[in-house]
Amino acid sequence: VFELVAERLQAGAVKAILPHRGVLTGGASQLPGSLDLASQLLGLKLRLGQPVAAARMGETYMSPAYTTAAGLLSYGLSLLDEKSSENKTQFFSAMSQKSGRLAKIYAWMRENL
């Protein structure tokens, strides 16, 4: 996976504008040696990411395996906080008309937030 990412970065114009540091997340990032291997193959200084709001999520979810999910949920909730209740209603009604996984996620959010 790291070799594929390195190839894609080299093939695109993104490599020139990337910072020299990065964050490795996900369950596989916890495998012994994965941080060093990824750093070597990508040519970046990497650190292991952890959920920012982990304290609110509980100790079970403080693992790097949940970093991406926590970040996406946090981002989605921040967008909802910025919207008035009228905009939230419009947002959720528009999403409920769509199908697929995102629609299920929005339906869950509508019911539970």
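Details
- FRET efficiency for Gln50 and Ala103, using Cβ-Cβ distance with R0 set to 41 Å, rounded to 0.05: 0.85
- Pair Leu31, Gln10: separation of 7 Å Cα→Cβ label points (nm): 2.1
- Less than 5 angstrom separates the built amide H of Leu44 from none of the residues sequence-distant by 5 or more or on a different chain.
Read-outs: derived from the displayed coordinates by stated rules, not from any lab. The model shown is predicted, which means the values in this text are computed figures rather than measured ones. Counting neighbours? That spans all protein chains shown, and the Cβs are built from the backbone with ideal geometry, glycine included.
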